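Reading through the structure tokens given below for one structure.
No lab work stands behind these numbers, since they all come straight from the coordinates. Bear in mind that the values here come from a model prediction, so they are computed numbers and not experimental data. Reconstructed Cβ throughout: ideal geometry from the backbone, glycine too, with neighbour counts over all protein chains shown.
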Amino acid sequence: MIMGYNFQAYAQQSVPRYTSYPTAPQFSDAVGADDYARWLEALDPAAPLSLYLHVPFCRELCWYCGCNMKLATKAAPISDYASRLIEEVRLVARHMPGRMKVSHLHWGGGTPTALEPDDLARVMEALREVYDVEPGAELAIESDPRTLSDAMIARIGALGFTRASFGVQEFDADVQAAINRIQPPEMVRRAVDGLRDAGVAGINFDLIYGLPLQTVETLTRTIDLCAEMAPDRIAIFGYAHVPWVAKKQKLIDESTLPDHDARVAQSKAAAEAITGAGYRPVGLDHFARPEDPLAQAAEAGTLRRNFQGYTTDDAATLIGMGTTSIGRTPSGYVQNIRETRTWDRVVSEGRLPVMKGVPITAEDAMRGRIIEELMCQGAVDPLTISRDHGIPGDWLADLGVTLAQMATDGLITRQGTRITMVPEARHLVRVVAALFDAYRADSPVRYSLAV
Ligand code: SF4
């Protein structure tokens, strides 16, 4: 309890991360390849696209990992995967209403840098064959410093990538051993310096709190070391221990996990240390140097949220390619087949490899906009957004009692119909966002805790 506010009860609520709305548990196999084909054909040919390419392979296994990945020790399966990805790139492009522009491109995983440099170059070439990559487009790639070769660093630079992100997580050696991710600061520094020298201007670091053996002291030392390397953006996420979903996490000794109070203390100390190092808070869990476009978007109220978290990407359509990738069109979300062999076969047969999805109704679009604005700006006027979407605001009356309680508890303030997160309760924004989620009450899914 802080000053009589029951923050702890709110922090222990299990809530989605709201990187989409409807959220992934609403996806079903009622949506398939034919729906996706129609949704693609209905796109505005003049509107820019955002692309996401997924590589499900890693060269090393981290025990905290909740991603869809496979351990690959040989190059051949990864190279075969790249060849099939090229087929998917061409297949999806054939369903477009014309030759489209690309404003953002993001390689994620897994570990995209597990590809051989030539394979990365082949896929990038295929993309440029079917799309016009806009001058100034952001080309981003996630990278693992433990396995990033000099040849790959040089190729990433030569291919024109503008941003690279690293899962730094924590620099303490005991914590790294407890999560099986050994990467001393010098290893990360080498990768960062190499990419900067190769011309990659933007560097992102991801950190995690709530890891086994982690303390406020290990985390603040980590942030000091990070600040010395001066990444442009830092994101920090709470470790979600969900071994019933992420089987790798069974390797983590649960008795070494920080308890709830320690997690809250770590989250708070990390935010203070990062802002103390000169970074501006962006949304719930991101920070950026004041001159970085993400910090500027947060200040200008143009920040957006998608599957990669907070972004400056305002494209209405995100095309996901590769196993398990999620895409969004104005008509709905789709997710690709998870299992690599099935994805491979379906693409080889010339079919869009959609596993499931969900259409976006007019009400979903309205609720999604409210949730996104709250997550991005920490404030929203739901009535205005509802009316802007042509939906009368009567439905908001049902939320009145809960919103009044949240105001009494010090989570939000209310001016007319506008609600604003209290700065001290900013970390609980997902709990407030969940009020506007029409599906949550019906969902049997267990999400991670709010903190
Ligand atoms: S955390 Fe990243 S590098 Fe580690 S296993 Fe998961 S996807 Fe691979």
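Grab the alpha carbons of the chain, take their convex hull, and tell me the volume per residue in Å³. Present the calculation step by step, with values, prior to reporting the outcome.
Numbers: hull volume 63.3 nm³, N = 451.
So the per-residue hull volume is 140 Å³.
Nearest 5 is fine: what % of DSSP beta bridges in the chain come out antiparallel, could you say?
Values: 28 of 64 bridges.
If we restrict to bridges inside the chain, about 45 percent are antiparallel.
If each DSSP helix of 4+ residues adds -39,500 (n - 2.57) and the sum is divided by the residues in the chain, what number results at 222 nm, nearest 500 deg cm²/dmol? Could the numbers behind the result be given before it?
Working: 15 runs with 161 residues, N = 451.
So the helix-based figure for the chain works out to -10500 deg cm²/dmol.
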>> Restricting to lysines 8 or more places apart or on different chains, can you count the pairs in the chain with Cα atoms under 30 Å from each other?
In response: 14
> For the stretch 1-86, how big is Rg over Rh, using alpha carbon atoms and the Kirkwood form of Rh?
Replying inline: 1.12
>> Explain nothing, just compute: Karplus ³J(HN,Hα) = 6.51 cos²θ - 1.76 cosθ + 1.60, θ = phi - 60°, for every residue of the stretch 356-371 in order, whole Hz, x for Gly and Pro.
In response: 6, x, 8, x, 9, 7, 4, 5, 4, 4, 5, 5, x, 5, 4, 5
> Over the Cα atoms of the stretch 361-439, what Rg and Dmax result, in angstrom?
Replying inline: 11.7, 34
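Dipole of the stretch 77-189, Cα-centred, from +1 at each Lys and Arg C-beta and -1 at each Asp and Glu C-beta, to the nearest 20 debye? All intermediate terms of the calculation are to be shown ahead of the outcome.
Values: 12 positive and 18 negative charges, 83 e Å.
So the dipole magnitude of the stretch 77-189 works out to roughly 400 debye.
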> Once you put a point 7 Å from the Cα of A404 and another 7 Å from the Cα of E60, both along the Cβ direction, what distance in nm separates them?
Replying inline: 5.6
> Using the per-residue mean of other Cβ atoms lying within 10 Å as a proxy for protection, in what order, highest first, do the peptides 368-380, 181-193 fall?
Replying inline: 368-380, 181-193
> Once label points are set 7 Å from the Cα along Cα→Cβ at both D388 and E363, what is their separation, rounded to one decimal in nm?
Replying inline: 2.1
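Give the relative contact order (percent, whole number) for the chain; include only Cα pairs under 8 Å separated by 6+ residues.
Working: 848 pairs, mean separation 97.2, N = 451.
About 22 percent, as a whole number.
Take the Cβ-Cβ distance between L396 and A24 as r, set R0 to 25 Å, and report the resulting FRET efficiency rounded to the nearest 0.05. Intermediate values should be presented prior to the final figure.
Details: r = 26 Å, r/R0 = 1.03.
Calculated transfer efficiency: 0.45.
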> Expressed as a whole number of Å, what is the distance separating the alpha-carbon centroids of the stretch 249-308 and the stretch 105-133?
Replying inline: 28
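Tell me, Kirkwood radius of the stretch 301-451 from alpha-carbon pair distances, in Å?
On the way: mean 1/r = 0.0575 Å⁻¹.
17.4 Å is the Kirkwood radius here.
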>> Can you compute the equivalent ellipsoid semi-axes for the stretch 137-264, i.e. the square root of 5 times each eigenvalue of the Cα gyration tensor, sorted largest first and rounded to whole Å?
In response: 29, 15, 13
> In the stretch 82-135, if every C-alpha pair distance is counted and binned at 10 Å from zero, what percent goes to each bin?
Replying inline: 22, 55, 22, 1
